[in-house]
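Visitor: To start, I am sharing the structure in question, which I have written as structure tokens.
The values are calculated or read from the model by the stated rules, or taken from the named source; none is laboratory data. Here the structure is a predicted model, which means the values were calculated and not measured. Backbone-built Cβ (ideal geometry, glycine too); neighbour counts: all protein chains shown. SASA here: full protein model, heavy atoms, side chains in, ligands and nucleic acids out. Shrake-Rupley method; radii C 1.70, N 1.55, O 1.52, S 1.80 Å.
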Amino acid sequence: MIGNCNWRISWRNDPVGRAIADRHYNRQNVGADGFVPPGRCLVLLADTPALWVTSCPKAEYVQHDWAGAWMNSCFRKEGPGVASDMIRQAVAHTLWKWPVPPPLGMVTFVNADEVEHKREPGYCYKKAGFEHVGFTKAGLWVWQLLPDRMPDAIEPLPREGALIAV
């Protein structure tokens with residue numbers, strides 16, 4: 001078992017998820033109904049509160065060096081819980097939805113100017129098994145988790161049930 005944050009399946013226009021996404025530094029259009037990039041996605045909510053989004057962008061539309069990888073396009077934890085455990089559990093849920101990860105695994109980008117500098121930008125990803133593999137052209141830290149380092153698949157909780165109020 002990888003921690004226990006009670007991730008629940010959600011959807012790209014969930015108003016609870018939107019409220020959390022609106023408080024994330026990378027939110028481009030605060031208040032817009034959709035908070036997930038185009039393409040396939042897995043949206044997870046936890047009652048702590050927390051939000052996770054795995055995006056599967058089509059490689060031909062990607063403009064960075066990790067085209068074809070799953071993208072963790074949003075992770076925001078606003079309450080208790082160990083971030084690295086929550087990340088590993090969300091990756092396990094992603095594998096439940098899509099059992100065969102892409103060869104490049106999963107990547108996420110961290111803006112060093114927008115996060116608390118406890119050790120290094122994205123340290124919670126490092127603790128979750130991701131490796132720092134470089135920077136984007138815009139200077140964002142790139143963290144990657146290759147398939148051989150991913151946890152076993154775990155089914156998330158179903159959508160129904162009580163979640164936090166907005």
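Visitor: Per residue of segment 7-22, in order, report the coupling 6.51 cos²θ - 1.76 cosθ + 1.60 (Karplus, θ = phi - 60°) as ³J(HN,Hα) in whole Hz, putting x for Gly and Pro.
Guide: Using θ = phi - 60°, the values come out as 4, 10, 5, 10, 8, 5, 10, 4, x, 5, x, 4, 4, 5, 4, 4 Hz.
Visitor: With only Lys, Arg, Asp and Glu charged, each at its Cβ (+1 for the first two, -1 for the last two), find how big the charge dipole of the chain is about the Cα centre; round to the nearest 20 debye. Let's see the in-between values first.
Guide: Numbers: 18 positive and 17 negative charges, 7 e Å.
Its charge dipole is roughly 40 debye.
Visitor: Next question. Using 1/(1 + (r/R0)^6) with R0 = 30 angstrom and r between the beta carbons of residue 153 and residue 67, what's the FRET efficiency to the nearest 0.05?
Guide: 0.80
Visitor: Here's something else I'd like to know. Where does each of 82-94, 119-131 land if you order them by average Cβ count within 10 Å, highest first? Intermediate values should be presented prior to the final figure.
Guide: Details: 82-94: 22.5, 119-131: 18.5.
Answer by packing, highest mean first, reads 82-94, 119-131.
Visitor: Length gain on complete extension for the stretch residue 26 to residue 98, per 0.36 nm per residue less the alpha carbon to alpha carbon distance?
Guide: On the way: separation 72, 0.36 × 72 = 25.92 nm, distance 2.51 nm.
Going from the current span to full extension adds 23.4 nm.
Visitor: Here is a follow-up. With each pseudo-label sitting 7 Å past Cα toward Cβ, what's the residue 126-residue 19 distance in nm, one decimal?
Guide: Spacing of the two 7 Å Cα→Cβ label points: 3.4 nm.
Visitor: Read through the labelled values [x] 17.2, 54; [y] 14.7, 42; [z] 18.0, 66 and report the label of the one computed as Rg and Dmax of the Cα atoms in Å from the structure.
Guide: Computed from these coordinates, Rg and Dmax of the Cα atoms in Å corresponds to label [y].
Visitor: Tell me the mean residue ellipticity at 222 nm calculated for the chain from its helices only (DSSP H runs of n ≥ 4, each -39500 (n - 2.57), averaged over every residue, nearest 500).
Guide: The per-residue figure over the chain is -4500 deg cm²/dmol.
Visitor: To continue, here is another question. Please report, as a whole percent, how much of the solvent-accessible surface of the chain comes from carbon and sulfur atoms (probe radius 1.4 Å). Each step should come with its number before you reach the end.
Guide: Working: 4370 of 8680 Å².
Here carbon and sulfur together make up 50 percent of the probe-accessible area.
Visitor: Among 134, 39, 68, whose mean-square fluctuation peaks in a Gaussian network model of the chain (Cα, cutoff 10 Å)?
Guide: It is 39.
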